[in-house]
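A quick write-up on the structure given underneath.
The values are calculated or read from the model by the stated rules, or taken from the named source; none is laboratory data. Predicted model, so just to flag it, every value in this text is computed and none were measured. Note that we place each Cβ from the backbone using ideal geometry, even for glycine, and neighbour counts take in every protein chain shown. The protein model used for the area step is the full one, side chains on, heavy atoms only, and it has no ligands, DNA or RNA in it. Shrake-Rupley method; radii C 1.70, N 1.55, O 1.52, S 1.80 Å.
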Amino acid sequence: MAFWRNELFVVDGAYSGVIRKVLKTGSRDFQVTSVLGTGVEGQPTNTMSKSSATLIYPNQIAFDLSGNAFIGGGANYLWKTRFDDSSPVVRIPGDFGGSWILGIATAREGVAYVSTDQGSMF
């Protein structure tokens, strides 16, 4: 999960293939909406719309200071998009050593650092 502009974005389990936004609407009430992913298994393409995006085992999300969202998944997948406009979901090419992405951190605009289950960092 990650915060951007007081909004909570959650990877809804690696097998769901969906990113959800959670907004607090009252002292104990929340509104949950799906903002990315179809939840249907399939082969992603390099550029997808948010509503038709097929994500393979998404398990990490991080934002840079400009609002770019980086989403990591299994099978060497790293995607980039924005949730405040109609930007597409773009796959960032990389091999990541055949590993699962276990962590994403950002240090400056448009740059994500990735750690994997093999102890590698890219």
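Centre-to-centre, using Cα atoms only, region 55-122 and region 18-36 are separated by 22 Å. Using the Cβ-Cβ distance between GLN118 and THR45 with R0 set to 41 Å, the FRET efficiency from 1/(1 + (r/R0)^6) comes to roughly 0.95. Across all Cα atoms of region 1-113, the radius of gyration (one decimal) and Dmax (whole number) stand at 13.5, 45 Å. Taking chymotrypsin sites (Phe, Trp or Tyr not before Pro) across region 34-96, none is in a DSSP loop with at most 12 further Cβ atoms lying within 10 angstrom of its Cβ. With a Förster radius of 25 Å, plug the Cβ-Cβ distance of SER16 and ALA105 into 1/(1 + (r/R0)^6) and report the FRET value to the nearest 0.05. Here the calculated transfer efficiency is 0.60. Across region 76-122, Cα-Cα distances exceeding 14 Å account for 52% of all pairs. In the chain, the sites counted are trypsin sites (Lys or Arg not before Pro) in DSSP loop states with at most 14 other Cβ atoms within 10 Å, and the longest stretch holding none of them, exclusive of the sites, is 29-122.
Close amide H partners of VAL35, meaning residues 5 or more places away or on another chain with modelled amide H under 5 Å apart, are ILE19, ARG20, LYS21. Set the Förster radius R0 to 35 Å, insert the Cβ-Cβ distance between SER27 and MET1 as r into 1/(1 + (r/R0)^6), and round the FRET efficiency to 0.05. So, using R0 = 35 Å, E works out to roughly 0.95. Derived scalar couplings between HN and Hα for region 48-61 equal 9, 6, 4, 6, 10, 5, 9, 9, 9, 6, x, 9, 9, 8 Hz in order, rounded to whole Hz, by the Karplus curve 6.51 cos²θ - 1.76 cosθ + 1.60 (θ = phi - 60°), x for Gly and Pro. In this structure the amide hydrogen of PHE83, modeled in the peptide plane, comes within under 5 Å of the amide hydrogens of ALA69, none closer than 5 places in sequence on its chain. For region 49-108, taking Cα atoms only, Rg and Dmax work out to 11.2, 32 Å respectively.
In this structure the chain gives 55 Å² per residue of accessible area when probed at 1.4 Å with all protein chains present. Quantify, in whole percent, the carbon and sulfur part of the accessible surface of region 32-108 (1.4 Å probe; protein heavy atoms only). Roughly 52 percent, rounded to a whole number. Pairwise alpha-carbon distances in region 22-88 exceed 19 Å for 37% of all pairs.
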